[in-house]
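The values are calculated or read from the model by the stated rules, or taken from the named source; none is laboratory data. Computed from a prediction, not measured in an experiment: that's the story for all the values here. Please note: Cβ atoms are built from the backbone with ideal geometry, for glycine as well, and neighbour counts cover all protein chains shown. To get the accessible areas, we keep the full protein, side chains included, count just its heavy atoms, and leave off ligands, DNA and RNA. Shrake-Rupley method; radii C 1.70, N 1.55, O 1.52, S 1.80 Å.
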Amino acid sequence: MLDLKFIRENPDIVKAAIAKKKDFSDIDRLLSLDEKRRAIIAEVEVLKNERNMASEQVAKLKREKQDASELIEKTRTTGEKIKALDDNMRPLDEEINELMAKIPNVPHASVPHGNSAEDNVVVAEWGEERSFDFTPKDHLQLATALDIFDFPRGAKISGSGFPVLKGNGAQLDRALINFFLDSHTVKNGYREVFPPFLVNSTTAFGTGQLPKSKDQMYYMPEDDLYAIPTAEVPVTNLHRDETFAASDLPVKYCAYSACFRREAGTYGKDTKGFLRVHQFNKVELVKFADPDKSYEELETLRADAEGILKALGLKYRVLSLCDADLSFSAAKCYDLEIWAPGEKRWLEVSSCSNFEEFQSRRMNIRYRPEGGAKQRLVHTLNGSGLATARILVGILETYQNADGSITIPEVLRPYMQGKTEIR
RNA sequence: GGAGGAUUAGCCUAAUGGUAAGGCAGCGGUCUUGAAAACCGCCGGGCGCAAGCCCAUGCAGGUUCGAGCCCUGUGUCCUCCGCCA
C-alpha cells in the first residue's frame, strides 16, 4: 500500500506507475474521494470538539449538583449531526480503502524502463554452458526413464500439476531443501523458521496477495484460510503490528515451505513436466531492513541466492526486471534464471525483491531509529533461495550422462549418503 | 462440536457511565574517572509552524449529553469436556 499523502502530493508519479504495470486504479477518483473525506473530517472535528467540551461541562455541573438538562438537550443535536456526518463518511472510507489496497507499488529509480518482459535487462551472467558429446534429453525424458517423477499418479490422486517424487527424486528434492537451509543459516546468517502453510486473510492481505490475487490461492472456506503460495506470506507477517529496535535490523529469516499456486489463467503454458506445478518446495529468504539500507540488503540477498547456484554449478543469469514486468508489490526485482540444456531455455528459479514500505504499511511493521526518534516503517525484502522444482530440472538436464544417469553435484552428496549418481 | 474465562500501550497492571492512572523496560539528559544508583525529561496514532485539536482500551455496531465500563454481533487466546496423530 502506498502512502495516501504521497499519492496526494505526487499523483503523476503514481499514475505513471499504474500505466506501466497495466493496472486500472483510478487515482482521480481516489483523490476526489479523499478531498470529500477530508472536508467532512474538518467539519466533524469541530463538532466533536464542541461535544467533548459540552460533555465536560455536564460532568462538572453534575459534580456540583447543578441542573444540566438544558445543556444536555442542546448537545443532543450536536451528537445527531456528528452521527450524520460519520454516516456520510463511512462509504467514502470504504471505497478509499478498497482503491488503496489495489494500487501497485511505484518502481525504484534504478529500475529499467520497458514495455514487457522482453525489456528486462541482463545485469550478470555466470558459468559456462556444458558441452555434450551426445544429444541431451529434457528432464521429463530423463526422470521418466529413472522413474523418479510420477505425474500420472499425481494427477490421479490430486490433479494435473501435482507431481509425485519417488526414490532418488524424492531424496534429491529433500537434499536440496536441506542444502539450501544449511547454506543460509550457517553461511549467510539467516534464522530458520518453519511456518504454517495455511494463513488467515489478514496475513494474505499483509504481503499483498489479497485482494488482487485472491484467485491465485487455494482457499478453504470452512475455515477462511488460504494455502500459502510462498513462505514469504507467513514469515513476513511474523512481525505484523510490531516495532523493532534499530539495532535489531536487518532481521533475516529463511524458511522452507511447500508452496501452493492455482496458476489460474496459465493453462497451456509450461504444461510440460516440472516447469509449472500447483505444489512445489521452496526455501524463502525474508529480510526486514532499515529503509536507508534496503537496497544494499537487496544486493546481498541476491548474492545469497546466487551463491546456491554457483555451489550447484548451474549456469545462470540475473535480470533486472523493467517497470512493466514488476509485480504488484515490488519496487525493484531481480530474477535469477538457470540455463536448462535439455529444454534449451532459461528457467526462472528466484525473484529477489525490495518492497520498500509497501508491505510494512499494510502490516504496520515499524522500527524505532537510534536516539529514540519517531517510529518509521521498515523495508521488507524477500527472495527465493531457492525453489526446488526448477532446480531439479536444471540438475537433471545439466548433469545427465549419455546412458541417462545423472551425476549428483558434489555439494549434495553429503545429503544423499555419499551417492555420486542416480541411475 | 459443547461449556466457561480472558482481552487496556513493548511488557505488567488500575480506572462508582464523567472523558485512559501507575509501574517496568526503552530512549535522551544531569551527576560520575567509568558504570550503577539517584534525579529530570520523553515514551499509542493522525493533523498542524505552533498553540492545540481529533482519534485510540481486540474488531464492528447500538444505547447515552458522555462508553474501557451497559447492550448486540464477532475475532483471538486460555481452561475443561468430547474426538483425535
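Looking only at region A:169-186, which residues are among the acidic types (Asp, Glu) and open to solvent by less than 40 Å² (accessible area, probe 1.4 Å)? Hit for region A:169-186 is A:Asp173, nothing else. With respect to the stated conditions, A:Ser350 fails to be within 16 Å of RNA strand B (Cβ to nearest atom), open to solvent by less than 10 Å² (accessible area, probe 1.4 Å) and of a type in the set (Ser, Thr, Tyr). Scanning region A:245-270 for residues that are of a type in the set (Ser, Thr, Tyr) and free of Cβ contacts under 8 Å to residues at least 12 places away in the same chain gives A:Thr266, A:Tyr267.
Counting only residues that are in a loop (DSSP other than H, G, I, E, B), within 16 Å of RNA strand B (Cβ to nearest atom) and in contact (Cβ under 8 Å) with a residue 12 or more places away in the chain, how many does region A:357-403 have? Count: 6. For A:Arg191, state whether it is open to solvent by 70 Å² or more (accessible area, probe 1.4 Å), more than 21 Å from A:Met220 (Cα to Cα), in contact with a strand residue (DSSP E or B) (Cβ under 7 Å, 6 or more places away or on another chain) and without any contact (Cβ under 8 Å) to a residue 24 or more places away in the chain. It is false that A:Arg191 is open to solvent by 70 Å² or more (accessible area, probe 1.4 Å), more than 21 Å from A:Met220 (Cα to Cα), in contact with a strand residue (DSSP E or B) (Cβ under 7 Å, 6 or more places away or on another chain) and without any contact (Cβ under 8 Å) to a residue 24 or more places away in the chain.
Consider A:Asn97 carefully, then state whether it is closer than 23 Å to A:Gly206 by Cβ and without any contact (Cβ under 8 Å) to a residue 60 or more places away in the chain. The answer is yes for A:Asn97.
For region A:17-57, taking the residues that are out of contact with any helix residue (DSSP H, G or I) (no Cβ under 9 Å at 6 or more places or on another chain) and more than 16 Å from RNA strand B (Cβ to nearest atom), the one that is farthest from A:Arg76 (Cα to Cα) is identified as A:Ala19. In region A:141-168, the residue that is least open to solvent (accessible area, probe 1.4 Å) out of those that are under 18 Å from A:His278 (Cα atoms) and part of a helix (DSSP H, G or I) is A:Gly154.
Of all residues in region A:354-398, those satisfying the criterion of being more than 20 Å from A:Arg261 (Cβ to Cβ) and either open to solvent by 50 Å² or more (accessible area, probe 1.4 Å) or not assigned by TED's automatic domain parsing to the domain that holds A:Ala143 (or both) are A:Glu357, A:Arg361, A:Asn364, A:Arg366, A:Arg368, A:Glu370, A:Gly371, A:Gly372, A:Lys374, A:Gln375, A:Arg376. The residue of region A:213-251 that is nearest to RNA strand B (Cβ to nearest atom), among those that are open to solvent by less than 50 Å² (accessible area, probe 1.4 Å) and closer than 14 Å to A:Ala289 by Cα, is A:Ala245. For A:Lys83, the stated conditions do not hold, so it cannot be described as within 9 Å of RNA strand B (Cβ to nearest atom), charged (D, E, K, R), over 30 Å from A:Leu30 (Cα atoms) and open to solvent by 70 Å² or more (accessible area, probe 1.4 Å).
Just to be sure before I move on: is A:Ile406 modelled with pLDDT of 95 or more and open to solvent by less than 20 Å² (accessible area, probe 1.4 Å) in the structure I sent? Against the criterion (modelled with pLDDT of 95 or more and open to solvent by less than 20 Å² (accessible area, probe 1.4 Å)), A:Ile406 qualifies. Applying the criterion of being among the acidic types (Asp, Glu) and without any contact (Cβ under 8 Å) to a residue 40 or more places away in the chain to the residues of region A:30-57, the residue that is surrounded by the most Cβ atoms within 10 Å (Cβ to Cβ) is A:Glu50. With the condition kept exactly as written, say whether any residue in region A:108-116 is surrounded by fewer than 16 Cβ atoms within 10 Å (Cβ to Cβ), in the same structural domain as A:Gly394 (by TED's automatic domain parsing) and aliphatic (A, V, I, L, M). No; the residues of region A:108-116 include none that is surrounded by fewer than 16 Cβ atoms within 10 Å (Cβ to Cβ), in the same structural domain as A:Gly394 (by TED's automatic domain parsing) and aliphatic (A, V, I, L, M).
Out of A:Thr203, A:Thr207, one residue alone is more than 16 Å from RNA strand B (Cβ to nearest atom), open to solvent by less than 50 Å² (accessible area, probe 1.4 Å) and under 21 Å from A:Lys252 (Cα atoms). It is A:Thr207. If you scan region A:120-139, which residues turn out to be open to solvent by 60 Å² or more (accessible area, probe 1.4 Å) and charged (D, E, K, R)? A:Glu125, A:Glu128, A:Glu129, A:Arg130, A:Asp133, A:Lys137 - these are the residues of region A:120-139 that are open to solvent by 60 Å² or more (accessible area, probe 1.4 Å) and charged (D, E, K, R). Filtering region A:240-290 to residues that are touching a Pro at 6+ places or on another chain (Cβ under 9 Å) and farther than 26 Å from A:Ala175 by Cβ leaves A:Ala246, A:Arg262, A:Phe288, A:Ala289, A:Asp290.
Within region A:115-160, the set of residues being under 29 Å from the mean Cα position of the chain (by Cα) and among the acidic types (Asp, Glu) comprises A:Glu118, A:Asp119, A:Glu125.
How many of the residues in region A:58-80 are within 7 Å of RNA strand B (Cβ to nearest atom) and open to solvent by 90 Å² or more (accessible area, probe 1.4 Å)? Final tally of qualifying residues: 3.
Filtering A:Gly161, A:Gly154 for residues that are small (Gly, Ala, Ser) and in contact with a His (Cβ under 7 Å, 6 or more places away or on another chain) leaves a single hit, A:Gly161.
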